[in-house]
Structures are given as C-alpha cells and as structure tokens.
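J.: Shown below is the structure under consideration.
The values are calculated or read from the model by the stated rules, or taken from the named source; none is laboratory data. Remember, predicted model here, so these are calculated numbers, not experimental data. Every residue, glycine as well, gets a Cβ built from its backbone with ideal geometry; the counts of neighbours run over all protein chains shown.
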Amino acid sequence: MKFGRLFLSLSFLAPLVLASPSFASLSLRQGLYWGGGSRYIVIAIRGDRVCYSGSSPNGYSISSVSPIPQQPGFHKIEGFEDITLSQVNSNTVLFGGSEYTLEDSDIFVADELADCLNSSIPYFHRESF
C-alpha cells in the first residue's frame, strides 16, 4: 500500500522530467568563453556560419563548426578528431569534455576568424607557439 502511494505521488514528476530542456537542444551562443588558466575559446556566428577560435599557451586554432546530424546539439570542429562542442546552458559550452564559461558576448573578430566566417567551405588554421 505505501509503495502504491509513493508511485502515485511521484508519477506527477514524469511530465516535468520529459519536458525539461536538454543541453543537446540548445544552439551555440556567440561569445568569449574561459576554460580556466589561460584557455579561451571564441564562438563567432554570422548568419548560419559558425566558427571556433581556441587559444592556449601552446598556440591557437581557428575552425569552422558544423552540427553532427546523428547527435543533435553537438557540433564537429574542423581539424579536431573526436572532439565535440555543445552548449550546456546559456553561459557554458562543453569542449572536448571541459567546461568553458561565458566571459563576454561581445567579441572582436580578427582577420583569420573573419576569413573563417566568410568562407563557404570547411576551414581550419592552426598556429603553434
């Protein structure tokens, strides 16, 4: 009898769980994201074109970003094998298993990032320090 009441009293939660938004359904948000230390990424968006710029003490990369059809909400970064990018919430992206927090939604678009945004083909550029 107690089990039956517990089931009935918890059954009202099912619609809430099913209706809760998944980060997989969120679109990428433009901005500068900080991953700790001196690790930063920039997501730049122009129309339907999305580009990524990542920097660390070892160098930087600029790549085009495209959705992964089999994994809604996850994005492939050109030139990166087995690393995805996804928007966890409005202020956090997940890049290769690490969380990056939005620092600023206004970004500076440097020449190489503009080249990526203006290109209509997959784009990848990497510089090592």
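J.: Within the stretch 59-78, how many residues turn out to be surrounded by 14 or more Cβ atoms within 10 Å (Cβ to Cβ) and assigned to a loop (DSSP other than H, G, I, E, B)?
T.: So the count comes out to 3.
J.: Sticking with this one: Name the single residue, out of those in the stretch 14-35 being at pLDDT 95 or above and not in a strand (DSSP E or B), that is farthest from residue 119 (Cα to Cα).
T.: 35
J.: Mind checking which residues of the stretch 116-128 are closer than 18 Å to residue 47 by Cα and either surrounded by 14 or more Cβ atoms within 10 Å (Cβ to Cβ) or basic (Lys, Arg) (or both)? Step through it out loud before you land on a result.
T.: Quick first cut of the stretch 116-128, residues closer than 18 Å to residue 47 by Cα only: 116-123.
Of everything in the stretch 116-128, those that are closer than 18 Å to residue 47 by Cα and either surrounded by 14 or more Cβ atoms within 10 Å (Cβ to Cβ) or basic (Lys, Arg) (or both) turn out to be 116, 117, 123.
J.: Same structure, new question: Starting from the stretch 65-85, keep only residues that are free of Cβ contacts under 8 Å to residues at least 24 places away in the same chain, then list their pairs with residues that are hydrophobic (A, V, I, L, M, F, W, C) and assigned to a loop (DSSP other than H, G, I, E, B) whose Cβ atoms are within a distance under 9 Å, requiring at least 6 positions of separation or different chains.
T.: 67/74; 68/74; 76/68; 76/83; 84/68; 84/74
J.: Mind listing whichever residues of the stretch 109-129 are within 20 Å of residue 56 (Cβ to Cβ), within 18 Å of the chain's Cα centre (by Cα) and part of a helix (DSSP H, G or I)?
T.: 113, 116
J.: Just to verify a result, which residue in the stretch 79-108, among those that are among the acidic types (Asp, Glu) and either in a strand (DSSP E or B) or in contact with a helix residue (DSSP H, G or I) (Cβ under 9 Å, 6 or more places away or on another chain) (or both), is surrounded by the fewest Cβ atoms within 10 Å (Cβ to Cβ)? Give the steps one after another, and end with the answer.
T.: Step one: list which residues in the stretch 79-108 are among the acidic types (Asp, Glu), which gives 81-82, 99, 103-104, 106.
Filter once more, keeping what is either in a strand (DSSP E or B) or in contact with a helix residue (DSSP H, G or I) (Cβ under 9 Å, 6 or more places away or on another chain) (or both): 99, 103-104.
Values: 99: 13, 103: 13, 104: 11.
Looking at residues that are among the acidic types (Asp, Glu) and either in a strand (DSSP E or B) or in contact with a helix residue (DSSP H, G or I) (Cβ under 9 Å, 6 or more places away or on another chain) (or both), I get 104.
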